[in-house]
Structure formats: structure tokens, C-alpha cells
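One structure below.
The values are calculated or read from the model by the stated rules, or taken from the named source; none is laboratory data. For clarity, every value in this text was computed on a predicted model and none was experimentally measured. For neighbour counting, all protein chains shown are included, and Cβ atoms are generated from backbone atoms with ideal geometry for every residue, glycine included.
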Amino acid sequence: MSWPKIESIVESLSSGQTTATENVKVALSNIKKNSQYQTVISTLDKEALERAKLIDLDILNNKKVAKLAGVPFIAKDNFLVFGAPTTAASNILKGFHAPYQATAIDKLESEGAICVAKANMDAFAHGSSTENSDFFVTKNPYDLERVAGGSSGGSAASVALDIVPFSVGTDTGGSIRQPASFCNVVGFKPSYGMVSRSGVIAMGSSLDTIGTFSKNIADTRYVMSIISGRDPLDSTTLDDSFKIVNKHQKMTLSKIKIGIIKEYLADDLNPDVKKVILSAINKIKRMGLVVDEVSIPSIDLALSVYYVLCPAEVASNLSRYDGQRFGYSYLEASNLEDSYLKSRTIGFGDEAKTRIMIGSYVLSSGYYDAYYKKAQTVRTKLINDFNQVFKNYDFLIGPTVPDVAFKIGEKSSSKLEMYLNDIMTVAANLVGIPAISLPAGFVNNLPVGLQLMGQIGKDNQLLDFCQEIEENIC
Amino acid sequence: MDKKITEEDVIKIAKLAKLELTKQEISRYSMELTEIIEYVQKLNTVKTTGLDPTVSVNGLCNISRSDQQIDYHQTPASLLGNVPRVKDNFIQVKRVIE
């Protein structure tokens with residue numbers, strides 16, 4: 001069973017063909033049917049059905065049908081949602097019940113959308129496969145022995161498996177785009193500040209973005225238009241003039257210029273993936289656009305910049321998990337210091353500890369200038385280089401990931417090997433620009449995603465362009 | 001600049017991060033962190049004269065407003081629901097000042 005487009009789901013409800021309760025029942029049943037893929041940590045059966053009941057009553061009473069009325073969705077477990085624990089897939093937050101919800105969730109619910117489950121992820125979003133979840137690994141919908149990608153693996157797989165028509169996730173260094181590429185769905189990372197981060201567990205505060213997984217651009221746009229916008233609870237949100245709108249603006253394709261990022265087509269790219277990407281790009285070329293190869297030399301530094309800045313911000317953000325006000329607490333501690341040490345040591349998983357330590361190191365006295373400040377300055381260089389390219393090109397294109405989904409356990413030998421998965425996605429987070437992964441084909445029955453990037457704040461234009469090409473690139 | 005993260009370094013960092021590590025972990029993290037720090041050394045080769053560090057990608061800065069009383073419709077129970085040790089609506093912690 002495949003979910004129709006979101007617009008149709010709402011139409012069917014409005015016309016009385018289906019009910020919100022039916023939709024929720026189908027979604028919950030889908031979760032059970034696909035349990036072998038382990039995409040969710042918890043479900044909100046009772047709450048979802050209650051919410052559906054109220055929506056169905058409203059419709060019977062001819063009340064105005066909300067934009068997402070009765071549409072079931074899944075939220076990555078780093079979104080604070082009422083009705084189920086929010087764990088960020090970490091033992092340190094097992095059983096934590098949010099006292100408030102993420103703004104994005106409030107917005108979705110106020111338009112009638114119904115959260116049916118919390119998706120599995122790498123703990124605290126540290127990872128590219130969900131192998132760092134403290135609970136279990138999410139399997140790839142195309143191959144049970146392979147990863148779904150991460151850190152939003154559960155969210156991506158849930159949409160790929162048609163459990164729900166859309167899901168929300170976060171992308172700090174590629175955590176929406178990479179699993180989207182591995183699972184053959186559309187994964188959208190908007191501009192930094194497009195969606196409020198209030199109520200989303202922070203990983204790297206200058207990098208974190210909230211975005212969507214869905215099957216097509218129309219649905220992406222539909223959901224993004226509801227969750228984007230200025231929020232007084234997050235002063236880094238962009239002004240409403242940048243807000244994503246649920247309206248496709250046709251483009252004169254001959255006037256569009258695309259830049260293929262030369263550095264992304266280099267040696268570490270799987271040659272079969274390269275073939276799929278180049279084939280997709282050729283199909284776009286045949287639509288009459290100008291497509292050139294462009295070089296952004298500082299892009300080779302992006303991963304280094306990211307693995308200094310991100311752990312530093314992680315170290316800061318995870319210092320709140322100290323066993324005092326919430327989260328796991330070691331109750332037999334003899335003194336305060338012992339309480340901090342034991343709560344954190346027992347509660348945190350290995351990857352969280354690694355990142356906290358790298359972060360603490362690069363921020364420590366004697367190293368702050370050489371690492372953190374230096375990385376922030378190289379970040380400026382990267383931003384300038386991207387701005388330069390965007391003077392002559394509207395969008396940038398390339399692969400999302402150097403390879404297809406890897407086998408579970410394959411990249412466990414070295415942390416760096418796992419980090420190299422992010423090599424094509426981190427730049428967009430460092431520069432703050434919108435980026436998307438679109439299904440572009442397969443290599444040995446494993447999905448390949450095509451990545452597109454646009455200018456900061458020009459998310460509508462990027463979505464407009466993707467809508468023009470999405471049918472033609474596969 | 002030291003590119004190798006020694007076991008001594010790891011112990012110092014763990015103290016800053018408020019983490020307790022086993023002997024095995026200290027040795028393992030020494031290797032892992034060294035690998036990562038060695039990888040990011042390439043940043044040293046980059047010319048960044050005249051450039052300022054980026055603090056915010058969308059150029060926003062601190063916003064202030066005057067104190068307002070807002071009713072969030074929460075009860076002490078709902079806010080204290082996750083606290084490990086509660087006493088009389090207070091969060092109970094180990095002695096802070098000796």
C-alpha cells in the first residue's frame with residue numbers, strides 16, 4: 001500500500017472518503033508489519049487515535065478542514081513530543097517525558113497532522129547509520145543487512161517503507177540527505193534558521209536544521225510551508241519573508257545555470273554511483289539548462305572544519321546532561337562530582353563520549369585558537385567561496401554520498417571511516433544553505449541520491465527547480 | 001603543535017568533560033582522538049589572514065526584550081516530572097558548597 005500525495009490524503013478526508021482514524025490505524029499497522037526494519041523506538045497509539053477521533057468529529061460537524069488534517073507522520077526521537085518519551089536514542093534520556101513540544105511539532109499538530117511514532121536515530125544524532133543508537137539499528141528497506149543511513153535513519157526508512165507519507169528529521173552534517181540517499185526518498189535540509197530549533201534536542205547549534213522526508217517535492221513543500229517561519233522561541237530563525245510557500249513557481253529552464261561540484265566527482269566516489277549521477281545530470285542538461293563543472297577548492301576542508309566545530313558545539317550542548325535536573329542520574333553517588341561523573345559515564349554511549357572529548361579538547365585552553373577559532377575562520381573562507389560561485393550559478397549539483405548503503409558493521413573499524421560518509425554533505429551545513437537529496441537511480445538494487453544545493457534563504461527557488469526536474473532524473 | 005593525543009591528554013580531557021574512563025578506554029580514545037586530530041591538521045595549512053571567524057551563518061545576533069509574565073499553563077508537577085530527586089517542589093542535589 002502506497003500513501004497518496006498529502007494533498008489527496010487531506011482531500012479524501014474532507015470529502016468523507018476516508019477518516020483520520022483509518023489513516024492512523026493504517027500507519028500503526030504498517031509499523032507492526034515492518035517491525036523487522038526497526039524504524040521506530042516508541043509509538044503513540046492512544047494519543048494518535050484520540051487526536052484522530054477529534055479530527056473526525058470536526059469534519060462530521062463541517063468544521064474547516066486543516067491543511068494536514070488526519071495525515072499521520074513520524075518524528076525523529078530528538079523532537080520533543082507529548083505522549084511518548086523523547087530519548088534521542090540515548091540511555092541517558094530513557095523515559096524522559098517532554099514538558100513542552102518542539103515548535104515544528106506544534107505547528108504540524110495545529111494543522112491536524114498526527115504523530116504516530118518516534119523514529120530511531122544515532123544517539124544524539126551522532127552518526128551516519130543508526131548503529132550508534134543505544135537501542136538498535138534501523139535496517140535498509142532495500143537490504144536487511146545494510147544500514148538505513150543516519151542519523152535520521154528511522155525517519156527515512158519509515159517513508160521508504162510507506163509506513164507514513166512523511167516524517168521529520170534533523171540535518172547537522174547530512175543526517176537527512178544521507179539516509180534519504182540510502183533509502184530512495186526525498187530528503188530536504190532547508191536553510192539554517194528556516195525552521196525553529198525550539199524543542200529539538202541540540203547537537204551543533206550553528207549547524208542544526210530541521211527538515212523532511214517524503215516521496216516527492218509537492219509533499220516536501222507542503223510540510224515545509226507549515227513548519228518554516230520565524231519563531232520568537234528561536235532567535236536564529238529567518239524572517240517570514242524567506243518562509244517556504246506551498247506554491248510552485250514555474251521556471252524558465254534555459255535561464256538556469258547549474259554547477260557540477262568538481263571536487264565531489266573525485267576519486268573517493270564509487271564509479272557506479274558516479275555513472276548514475278552523471279546520467280541524471282545529463283537528463284537535466286537535455287532539458288535545456290546550462291550545466292558547467294565548477295570548482296570550490298576550499299570544499300576539501302569542509303570535513304575538517306566540521307569535525308572541529310561540531311564536536312565543540314556538541315561538548316557544550318551535552319553538558320546539560322549531568323544527572324541533576326533530568327535524564328539518567330546515578331542515585332548512589334557519594335558527592336556532587338561523583339553524581340556528575342557516574343551519571344554521564346553510565347548514561348552516555350561511546351560515540352557521544354568521543355565527540356564530547358574531541359570538543360572539549362579543541363575548546364580547551366592552549367588549543368582553542370589553533371583549532372576552534374581556526375576552524376571558524378576557515379568556515380568564513382568556505383562561505384565566501386560558495387558566495388562567489390553563486391554569483392554565476394543558481395544551483396550546485398553532485399552526489400549526496402560517495403557510495404550506496406554499507407553493510408551493518410562494515411564501517412566500525414575506525415571512527416574516521418564513518419565520518420568520511422559526510423564528506424559531501426557537511427559543506428551545506430557549514431555555509432547554512434538549503435540542500436536536498438533526490439532519488440536518482442540504483443546500483444545493484446541499492447538507491448543513489450542526487451544532491452542539489454541552493455543559496456541561503458532561497459529555499460523556494462531550490463524547491464521550484466527540483467519540482468521541474470524530479471520526474472526526469474531517474 | 002602536538003598532533004598526538006597521549007593517554008595523559010585523554011585523562012585531562014575526560015576530567016574537563018566530566019567522564020570517567022577505564023584503562024582500556026583511555027588507551028582506545030588516545031588512538032581514536034589522535035586519528036581525528038591528525039585528520040583535521042590540514043586546517044593549519046590554510047591562509048586565513050584578514051578573515052573573521054563565522055559566528056552565525058545568517059547574520060543574526062542577540063535579541064532582547066523586556067521581562068514579561070507569560071502563563072505557560074504548567075504545574076510544578078509537570079515541570080518536575082523528570083527530576084531524579086524532588087523534595088517539596090525543589091530539585092534536590094548533593095551538597096555543592098562544602
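Remarks
- Of all residues in segment A:353-370, those satisfying the criterion of being more than 7 Å from chain B (Cβ to nearest Cβ), out of contact with any His (no Cβ under 6 Å at 6 or more places or on another chain) and in a helix (DSSP H, G or I) are A:Gly359, A:Val362, A:Leu363, A:Asp369.
- Within segment A:282-337, the set of residues being part of a helix (DSSP H, G or I), polar (S, T, N, Q) and either without any contact (Cβ under 8 Å) to a residue 40 or more places away in the chain or at the interface with another protein chain (Cβ under 8 Å from one of its Cβ atoms) (or both) comprises A:Asn282, A:Ser298, A:Ser304, A:Ser319.
- Scanning segment A:200-237 for residues that are under 24 Å from A:Ala312 (Cα atoms) and within 13 Å of another protein chain (Cβ to nearest Cβ) gives A:Gly204, A:Ser205, A:Ser206, A:Leu207, A:Asp208, A:Thr209, A:Leu233, A:Asp234, A:Ser235, A:Thr236, A:Thr237.
- Residue list for segment A:426-455, filter: of a type in the set (A, V, I, L, M) and over 22 Å from A:Ala125 (Cβ atoms): A:Leu438, A:Ala440, A:Val443, A:Leu446, A:Val448, A:Leu450, A:Leu452
- Taken together, A:Lys76, A:Lys33, A:Lys67 contain a single residue that is of a type outside the set (Phe, Trp, Tyr) and either surrounded by fewer than 18 Cβ atoms within 10 Å (Cβ to Cβ) or at pLDDT below 95 (or both), which is A:Lys33.
- Helices (runs of 4 or more DSSP H) fully within chain B that include at least 1 residues being surrounded by 14 or more Cβ atoms within 10 Å (Cβ to Cβ) and among the charged types (D, E, K, R): B:7-16, B:23-39.
- Segment A:36-59, subset under 16 Å from A:Pro85 (Cα atoms) and either of a type in the set (Phe, Trp, Tyr) or over 22 Å from the mean Cα position of the chain (by Cα) (or both), residue surrounded by the fewest Cβ atoms within 10 Å (Cβ to Cβ): A:Lys46
Matching residues to (1) assigned to a loop (DSSP other than H, G, I, E, B); (2) at pLDDT 95 or above; (3) more than 25 Å from A:Met121 (Cβ to Cβ):
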| position | (1), (2), (3) |
| --- | --- |
| A:Met203 | yes, yes, no |
| A:Ser206 | yes, yes, no |
| A:Thr212 | no, yes, no |
| A:Asp219 | no, yes, no |
| A:Val223 | no, yes, no |
| A:Ile226 | no, yes, no |
| A:Ser241 | no, yes, yes |
| A:Ile244 | yes, yes, no |
| A:Lys247 | yes, yes, yes |
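- Matching residues in segment A:363-403 - criterion: being in contact with a strand residue (DSSP E or B) (Cβ under 9 Å, 6 or more places away or on another chain) and under 16 Å from A:Gly432 (Cβ atoms): A:Phe386, A:Val389, A:Phe390, A:Phe395, A:Leu396
- Restricting attention to segment B:15-49, the residues being hydrophobic (A, V, I, L, M, F, W, C), over 28 Å from A:Pro297 (Cβ atoms) and more than 7 Å from chain A (Cβ to nearest Cβ) number 3.
- In the set A:Phe124, A:Phe135, A:Phe182, only one residue is buried (at least 24 other Cβ atoms within 10 Å of the Cβ) and either part of a loop (DSSP other than H, G, I, E, B) or on the phi > 0 side of the Ramachandran plot (or both); that residue is A:Phe124.
- Selection of segment A:379-429 for residues being among the hydroxyl-bearing types (Ser, Thr, Tyr), within 22 Å of the chain's Cα centre (by Cα) and in a loop (DSSP other than H, G, I, E, B) yields A:Thr400, A:Thr425.
- Scan segment A:84-121 for residues that are at pLDDT 95 or above, in contact with a helix residue (DSSP H, G or I) (Cβ under 7 Å, 6 or more places away or on another chain) and assigned to a loop (DSSP other than H, G, I, E, B) and the total you get is 9.
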